[in-house]
Amino acid sequence: MSPTLTLLHDGRSDEIPVADLANPTIPAEALEETLGWDLQPEGLCRGVICVPVDQSALVRGDVLDLRVLAGALQRPLVTDEKHAVASLGASHHDRGDALNSLEAPDFTLPDLDGNPHSLSDQRGKKVLLVAYASW
């Protein structure tokens, strides 16, 4: 039985079987099922968008190299072999679009009484956010 990798991506997490946690690969069928991309002769495709990729570096038998995939999609990849977790971040284009929108991402935090409050509940109002870190 092969180990599984928890892949965090696009606001979700998926368990994917891998052969080697140190050099993570994903089954070819997981590319479309999990990430929504399809490997075509012209590259990685999702809908009408195709990204050129060196398929000789990406494909190893019936698995795909996760690091090469992340590089081709211009998405940062962080792996933790000890905990069998990998996180595939947003592309720099997506992050740039989010920054240019000047809209903070939504989050929910409890107040001192434990009541949850979301930033999206304050849309259209002036909001002062104070952040503190002890380090």
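The values are calculated or read from the model by the stated rules, or taken from the named source; none is laboratory data. The model shown is predicted, which means the values in this text are computed figures rather than measured ones. Here Cβ is always computed from backbone atoms with ideal geometry, including for glycine, and neighbour counts include all displayed protein chains.
Quick look at the numbers
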{"quantity": "Unique residue being closer than 25 Å to Ser13 by Cβ, hydrophobic (A, V, I, L, M, F, W, C), surrounded by 15 or more Cβ atoms within 10 Å (Cβ to Cβ) and over 22 Å from the mean Cα position of the chain (by Cα) when the list is Leu69, Leu119", "calculated": "Leu119"}
{"quantity": "Any hit, the range 85-103, residues being under 24 Å from Leu5 (Cβ atoms), surrounded by 10 or more Cβ atoms within 10 Å (Cβ to Cβ), modelled with pLDDT of 85 or more and out of contact with any helix residue (DSSP H, G or I) (no Cβ under 9 Å at 6 or more places or on another chain)", "calculated": "yes"}
{"quantity": "Filtered residue count, the range 9-34, keeping only those that are under 17 Å from Gln55 (Cβ atoms) and free of Cβ contacts under 8 Å to residues at least 40 places away in the same chain", "calculated": "6"}
{"quantity": "Count of the range 21-46 residues which are over 18 Å from the mean Cα position of the chain (by Cα) and exposed (fewer than 12 other Cβ atoms within 10 Å of the Cβ)", "calculated": "4"}
